[in-house]
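What follows is a single structure, written as structure tokens, with notes after it.
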Amino acid sequence: MSKSINIFGFHSIEGILLNNPELIIQVLIQNGRKDKRIIDLLNNLNSQKISYSATDRANLDKISKGEVHQGVIAEIILPPILNEDSFVNSIASFDQKLMILMLDSVQDPRNLGACLRSANAAGVTHVVVNKDGSAPINSLVHRTSAGAINSLQIFHVTNLSRIIKQIKKRDVWVVGLDGGTQSSLYEVNLKGSIAIVVGSEGKGIRPLIKKNCDQVVSIPMSGNVESLNVSVATSITLFEMKRQRERS
């Protein structure tokens, strides 16, 4: 049975209505709201024959558990998170250059959501997340990703090192991102089938994962900032890959 989550606020719900309306189960709207944005939302729901009902603010506050909901909450079907076997089968049948993002223990849901948003925008074909030690896919991840989780193939795996070894056998070059190395991201050829591995907030890629990478690189920086937020570093790296591919 598919899992459902609640998403909050106009932006998140409008994004689902635009791209994946079939995932919406129902919408709750705060009693007494008659402003233009609510009216536009109701017209949209009516035109797509999507169920909605009115409720009081206290109930919305309870459902949102402190998240800003702007008087609107939608229950949506969460696309299934695929497993390790599904990932192996998918890359085996993929007939284009692979662009894989591997997230090693990214624990902040906002960072995870931002990484997924960048992955979608950069054209990533597969996202691999280690099952233990990572943030779960929830409403906060959904909101931060701007709905990107509905357009990505996301795979949960129990052993990231084993997956890396498997994809290397399929001629995928595995590049780890680590601020402690002198090798520059901008000197790496990212035009082929590539997997980018990004580590957790603070600790980075775990030692065994790093050891299994073909290459470890960093993002050259100026100034006195020691490191970048994991989602920012991920975005820079993915768009460098996109840039190289579009110029080849």
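The values are calculated or read from the model by the stated rules, or taken from the named source; none is laboratory data. All values reported here derive from a predicted model rather than from experimental measurement. Every residue, glycine as well, gets a Cβ built from its backbone with ideal geometry; the counts of neighbours run over all protein chains shown.
In region 167-182, of all residues being touching a helix residue (DSSP H, G or I) at 6+ places or on another chain (Cβ under 7 Å) and at pLDDT below 95, the one that is surrounded by the fewest Cβ atoms within 10 Å (Cβ to Cβ) corresponds to 170. Restricting region 142-153 to residues that are in contact (Cβ under 8 Å) with a residue 60 or more places away in the chain and surrounded by fewer than 22 Cβ atoms within 10 Å (Cβ to Cβ), which is farthest from residue 123 (Cα to Cα)? Applying the filter and picking the extreme gives 143. Taking region 191-244, which residues are in contact with a Leu (Cβ under 7 Å, 6 or more places away or on another chain) and farther than 18 Å from residue 102 by Cβ? Within region 191-244, just 244 meets the criteria. For residue 192, the test of being surrounded by fewer than 18 Cβ atoms within 10 Å (Cβ to Cβ) and either aromatic (Phe, Trp, Tyr) or not in a helix (DSSP H, G or I) (or both) is passed. Total residues in region 16-60 satisfying the condition of being touching a strand residue (DSSP E or B) at 6+ places or on another chain (Cβ under 8 Å), surrounded by 10 or more Cβ atoms within 10 Å (Cβ to Cβ) and among the small types (Gly, Ala, Ser): the figure is 2. Of everything listed in (1) of a type in the set (A, V, I, L, M, F, W, C); (2) outside any strand (DSSP E or B); (3) surrounded by fewer than 17 Cβ atoms within 10 Å (Cβ to Cβ), the single unmet condition for residue 13 is (3). Counting only residues that are part of a loop (DSSP other than H, G, I, E, B) and closer than 20 Å to residue 149 by Cα, which one in region 70-93 is modelled with the highest pLDDT? Among residues in region 70-93 that are part of a loop (DSSP other than H, G, I, E, B) and closer than 20 Å to residue 149 by Cα, the one modelled with the highest pLDDT is 83.
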